[in-house]
1. Pick from 228, 168: which is over 26 Å from residue 378 (Cβ atoms), among the charged types (D, E, K, R) and free of Cβ contacts under 8 Å to residues at least 60 places away in the same chain?
2. Among the listed residues 186, 206, which satisfies the condition of being touching a helix residue (DSSP H, G or I) at 6+ places or on another chain (Cβ under 7 Å), among the polar types (S, T, N, Q) and on the phi < 0 side of the Ramachandran plot?
3. Return yes when residue 43 is within 22 Å of the chain's Cα centre (by Cα), over 30 Å from residue 239 (Cβ atoms) and in contact (Cβ under 8 Å) with a residue 40 or more places away in the chain and no when it is not.
4. At least 2 residues that are more than 20 Å from the chain's Cα centre (by Cα) and not polar (S, T, N, Q) in each: list the helices (runs of 4 or more DSSP H) lying fully within segment 106-204 that qualify.
5. Across segment 79-125, what is the number of residues that are of a type in the set (Val, Ile, Thr) and at pLDDT below 95?
6. Give me a count of the residues in segment 43-92 that are assigned to a strand (DSSP E or B), charged (D, E, K, R) and within 27 Å of residue 297 (Cα to Cα).
7. All but one of (1) among the aliphatic types (A, V, I, L, M); (2) under 12 Å from the mean Cα position of the chain (by Cα); (3) more than 15 Å from residue 106 (Cβ to Cβ); (4) in a helix (DSSP H, G or I) hold for residue 223; state the number of the condition that does not hold.
8. Being β-branched (Val, Ile, Thr), surrounded by fewer than 20 Cβ atoms within 10 Å (Cβ to Cβ) and in contact (Cβ under 8 Å) with a residue 24 or more places away in the chain narrows it down to one of 342, 308, so name that one.
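The values are calculated or read from the model by the stated rules, or taken from the named source; none is laboratory data. Every value quoted in this text rests on a predicted model; they were computed, and no experiment measured them. Virtual Cβ from ideal backbone geometry, glycine too; neighbours counted across all protein chains shown.
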Amino acid sequence: MHVDRADVGNYYPWLQARADRAARSLSYLARAWAEPEQWRTTARAKVQELLAFDVEAAPLAPEILQSTPCPGFVRHAVRYWITPDRQTEAYLLIPQGQTRPGPAVMALHDHGAFYYYGKEKLTAWDGAPTVLRQFIGEAYQGRPYADELARRGYVVLCPDAFYFGSQRLDLSTVSECFTDPHPQLQATDPDAAIAAFNRFAHAHEQVIAKYLFAAGTTWPGVLFQGDRASLSYLLTRPEVDPERIGAMGLSIGGYRSAHLFGLDPRVKAAVVAGWMPSYPWQMRDGFRHHTWMVYVPRLLEYLDVPDTVSLAAPKPLLVLNCSQDSLYSLASMQAAEHTLATVYQRLGAGERFVCRYHDVPHSLTLAMQEEAIAWLERWL
């Protein structure tokens with residue numbers, strides 16, 4: 001006898017029904033809004049409430065840690081405050097010889113179950129360990145795209161997100177009941193040590209998520225606040241034209257890019273790669289490989305993911321999907337595409353939204369990078 005199975009077993013039917021009944025009451029498609037700006041203001045305020053991470057603004061107090069000449073640009077390692085009690089580091093890439101304000105891109109790194117590094121995934125650097133170079137080969141077809149953007153005239157900021165790179169978990173401060181059973185964490189070989197750290201951090205996501213929820217906040221709230229603070233830093237740079245700011249990312253970098261675009265009017269154009277699902281279409285088996293970093297309780301009552309991104313419409317948006325992506329069903333990606341296309345059409349800006357499907361697994365290939373850069377060149 002055939003049994004209709006789902007990842008959550010017998011709980012699936014009522015969870016699916018609940019997701020299907022979700023009102024999405026602040027979607028642009030939910031009703032006739034008198035003024036698009038009223039819709040944006042109302043919906044952004046509700047998302048901010050649900051993200052539950054309103055913090056006091058902190059002086060950025062940026063400092064340049066190191067400057068490295070690279071072919072076509074200079075890479076600065078910078079550090080600045082994103083909250084009164086937390087700093088992050090970033091790479092700032094400035095095209096060689098730039099003397100006047102020009103276009104800039106927030107290049108937002110991926111997840112990839114690779115936590116030891118963040119910004120380092122997007123720019124080539126001497127001494128990169130084998131495990132990182134292998135990752136870049138798989139995720140970006142060997143070309144960290146921030147470098148390419150800088151060589152083509154963009155100021156680029158690559159900030160570390162919460163839980164990655166300079167903001168990664170400090171294992172020396174974690175309760176011994178978690179760390180002591182893991183002798184591989186003591187590996188001396190750099191590649192083995194990094195791989196062991198990534199495995200530990202991946203398993204520990206559930207612990208971090210529990211504590212974030214218990215503390216009254218959300219993981220996306222922490223991520224998005226950090227990205228907006230980083231954008232504020234980028235806008236302090238004299239090399240940057242504030243009217244020509246883009247955002248781009250793969251995977252959770254795409255998730256971050258999408259929400260920075262949707263929630264922050266300072267971003268003028270965006271590229272979202274490998275991250276544009278509709279959550280109701282993910283309910284049967286679409287979340288099994290996902291991170292804890294992408295859930296906002298109660299959001300579906302008001303907005304699905306593409307609805308949130310559409311808050312930036314009619315500003316230009318390019319979505320690059322991977323048709324072999326194991327993280328999202330094709331139906332989920334197509335449902336999100338339909339929502340976005342409909343919103344842009346109703347706002348009279350159908351040509352400003354494009355969704356492409358590349359027949360590859362979850363990645364940002366060279367062909368996808370070229371399409372992304374062409375999009376930014378067109379609109380910034």
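1. Working: 228 fails: over 26 Å from residue 378 (Cβ atoms).
Of the residues listed, the single one that is over 26 Å from residue 378 (Cβ atoms), among the charged types (D, E, K, R) and free of Cβ contacts under 8 Å to residues at least 60 places away in the same chain is 168.
2. On the way: 186 fails: touching a helix residue (DSSP H, G or I) at 6+ places or on another chain (Cβ under 7 Å).
Only one candidate qualifies: 206.
3. Numbers: within 22 Å of the chain's Cα centre (by Cα): yes; over 30 Å from residue 239 (Cβ atoms): yes; in contact (Cβ under 8 Å) with a residue 40 or more places away in the chain: yes.
Answer is yes for this residue.
4. Numbers: elements: 130-140, 145-151, 176-179.
In segment 106-204, 130-140, 176-179 are the helices (runs of 4 or more DSSP H) which contain 2 or more residues that are more than 20 Å from the chain's Cα centre (by Cα) and not polar (S, T, N, Q).
5. Going residue by residue through segment 79-125, those that are of a type in the set (Val, Ile, Thr) are 82-83, 88, 94, 99, 105, 123.
Retained after the next criterion (residues that are at pLDDT below 95): 99.
Within segment 79-125, residues that are of a type in the set (Val, Ile, Thr) and at pLDDT below 95 number 1.
6. Of the residues in segment 43-92, the ones assigned to a strand (DSSP E or B) are 63-70, 73-83, 86-92.
Among the residues that remain, those that are also charged (D, E, K, R) are: 63, 75, 79, 86, 89.
Pick out the ones that are also within 27 Å of residue 297 (Cα to Cα) and you get 86.
Count: 1.
7. Result: residue 223 passes all but (3).
8. Details: 308 fails: surrounded by fewer than 20 Cβ atoms within 10 Å (Cβ to Cβ).
The conditions single out 342.
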